[in-house]
Amino acid sequence: MNALLINPAFPDTFWSYKYALKFIRKKAVLPPLGLVTLAAMLPAEWEIRLVDMNVTKLTDKDLAWADIAFITSMAVQRDTCRKVIHRCKQAGLRVVAGGPLFTNEFEQFGEVDHFVLNEAEITLPPFLKDLAKGCLKRIYRTDEFCDIRKTPVPRWDLIDTKRYASMSIQFSRGCPFRCDFCNVTSLLGYRPRVKTTEQIIAELDAIYDMGWRNQVFFVDDNFIANKKYLKTKLLPAIIEWQRDKKGLPLYTEASINLADDEELMKLMVEAGFDMVFIGIETPDEKSLAECDKKQNINRDLIQSIQKIQKTGLQVQGGFIVGFDSDTHSIFDKQIEFIQKSSIVTAMVGLLNAPRGTRLYERLMREGRIVGEITGDNVDGTTNIIPKMGMDTLLEGYKYILMHIYSPKYYYNRVISFLKDFKAPKFAPSLDFQRILAFFRSCIYLGIIGKERFQYWKLLFWTVFRRPRLFPLAVTFAIYGYHFRKIYEVHILRNYFM
């Protein structure tokens with residue numbers, strides 16, 4: 001059996017880092033972890049070919065070679081996914097689909113032959129058993145959650161690592177918090193499940209042994225959901241693993257209560273973590289209470305963020321506008337908060353209601369749901385009828401982005417952040433492309449770019465004040481270029497003109 005595993009292309013978004021990746025000649029930030037893990041679950045005698053359409057094209061030769069196509073997708077890939085499915089069917093392939101998009105919306109994809117939904121560790125084996133018998137059903141799904149201690153090491157041999165900026169590992173699934181706009185718990189449960197330390201070390205070994213010496217992303221929706229296991233088992237093991245190697249810089253996602261555990265933060269830094277993405281959402285207490293973001297309530301959010309960053313963990317922040325409790329003042333509040341917190345990478349999006357969330361159910365009862373989410377929380381669209389009115393919300397959203405990504409505001413945050421940030425323990429490998437990226441930034445940002453004054457100010461400030469952070473300063477400058485290009489080319493032009 002020749003199995004073709006396909007990852008449809010993502011659109012250009014803040015998360016794609018499209019314009020930043022060009023500086024280091026990479027095609028995508030991350031490989032399709034779900035597909036390389038799925039590949040390890042397929043029969044050993046099968047021939048497997050993986051096509052990530054974010055780094056290469058899906059060719060007619062690929063389709064002619066295959067007997068069966070496995071497609072995974074998130075909501076943000078929906079449009080490309082439909083086209084891929086149609087191409088596969090035209091080529092006469094049996095199409096099998098899974099992943100978050102299909103788990104929530106499988107009834108909308110009539111051309112798909114079979115759906116393997118929820119967690120593949122449970123639903124793939126019966127599919128493969130029925131395939132061998134020739135008695136397949138259309139839908140394989142489950143209400144149970146799998147034991148991820150049995151999940152195999154991904155098939156990294158199927159991808160070209162040179163095309164990616166980071167590799168990825170999953171330690172846990174599930175989240176103990178119940179934010180009403182988030183579908184993580186409906187997909188993966190409230191009770192976090194973790195892999196064993198031995199599994200994670202085996203996955204790190206696999207990545208390191210194939211020559212990888214750059215960033216590794218722990219893709220957990222909340223890495224710190226099981227603090228005890230992290231502090232007593234996993235992090236000490238990673239610290240020991242890193243000891244006799246050229247260390248790999250690590251990053252992940254966590255909740256703001258990380259700031260309450262100094263021991264955990266120090267262990268993460270010692271293990272090589274230098275960055276965490278945190279859902280801040282909003283500085284407004286009423287809006288936080290509305291969405292049941294309990295972990296963010298009754299705390300000084302800026303103080304918590306600064307505590308995390310001073311420990312040596314850069315905070316990337318997710319922000320949302322469009323809550324029912326939001327008033328017209330929220331737009332200025334968001335800008336002020338982002339600047340005071342010194343969060344350089346601030347991702348602001350409109351509130352959306354994914355299927356399976358309590359927010360979706362509530363707004364559906366109120367008649368305020370208008371279609372499906374796009375999956376891109378920063379594209380200027382929402383499937384909600386906002387209480388403040390759509391025009392007001394969109395104008396306020398544009399106002400925020402215009403400010404926080406403008407060179408003046410953005411570079412001020414960079415310098416403010418670098419003043420107190422401790423240099424990371426490990427740094428990405430300084431290869432030829434990263435050296436060239438610096439010279440490319442000198443041209444595109446320092447000579448051609450409208451931010452050239454702020455760019456050179458940042459570089460000279462860093463050289464004299466924080467020289468060890470010079471590579472990070474250059475990286476931030478390149479990120480800022482990407483954010484502004486996405487805002488100007490894709491959001492401002494497409495949604496506000």
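Points worth noting:
- The label-point distance for LYS310 and LYS227, in a model that sets each label 7 Å from Cα toward Cβ, rounds to 1.9 nm.
- Under a 5 Å amide H cut-off, with hydrogens placed 1.01 Å from N, LEU50 pairs with LEU5 among residues at least 5 apart or on other chains.
- Computed over region 166-419: relative contact order in percent, which uses C-alpha pairs under 8 Å that are six or more apart: 17 percent
- Using θ = phi - 60° and Karplus 6.51 cos²θ - 1.76 cosθ + 1.60, couplings along region 133-140 (whole Hz; Gly, Pro as x): 7, x, 9, 6, 9, 7, 10, 10
- Modelled this way, with points 7 Å down the Cα-to-C-beta line, the labels at ARG49 and ARG163 are 1.3 nm from one another.
- Cut-off under 5 Å, modelled amide H: who pairs with VAL344 long-range: none
- Near the amide H of GLY349, within less than 5 Å, lie the amide hydrogens of PHE319, ILE320, VAL321, all on another chain or at least 5 residues away, with H placed in the peptide plane.
- Highest to lowest packing among 481-488, 97-104, scored as the average C-beta count within 10 Å: 97-104, 481-488
- Net lengthening on full extension, ASP292/GLU144 (0.36 nm per residue, minus Cα-Cα): 50.8 nm
- Using a Förster distance of 60 Å, the FRET efficiency for LYS340-VAL153 (Cβ separation, nearest 0.05): 0.90
- Measuring r between the beta carbons of GLU262 and HIS328 and using R0 = 56 Å, the FRET efficiency lands at 0.90.
- Couplings for region 47-58, taken from phi via the Karplus curve 6.51 cos²θ - 1.76 cosθ + 1.60 with θ = phi - 60°, read 8, 10, 10, 10, 10, 9, 6, 7, 10, 8, 8, 8 Hz in order; Gly and Pro are left as x.
- Length-normalised contact order for region 432-495 - Cα pairs under 8 Å, 6+ apart - percent: 28 percent
- Distance from the Cα centroid of region 437-482 to that of region 5-47 is 28 Å (rounded to whole angstrom).
- Prolate/oblate/rounded call for region 2-140, Cα gyration tensor, a/c under 1.5 rounded: prolate
- Each of SER16, SER73, SER416 was scored by other Cβ atoms within 10 Å of its Cβ. Listed from fewest to most, they are SER416, SER16, SER73.
- Given R0 = 22 Å, the distance between the Cβ atoms of SER416 and TRP15 translates into a calculated FRET efficiency of 0.40.
- The chain, relative contact order in percent, only Cα pairs under 8 angstrom and at least six apart counted: 14 percent
- Relative packing of peptides 77-85, 105-113 - highest average C-beta neighbours within 10 Å first: 77-85, 105-113
Here, each number is a calculation from the coordinates, and none is a lab measurement. On a predicted model such as this, the values are computed, not experimentally measured, just so you know. Every residue, glycine among them, receives a Cβ derived from its backbone with ideal geometry; neighbour counts consider all protein chains shown.
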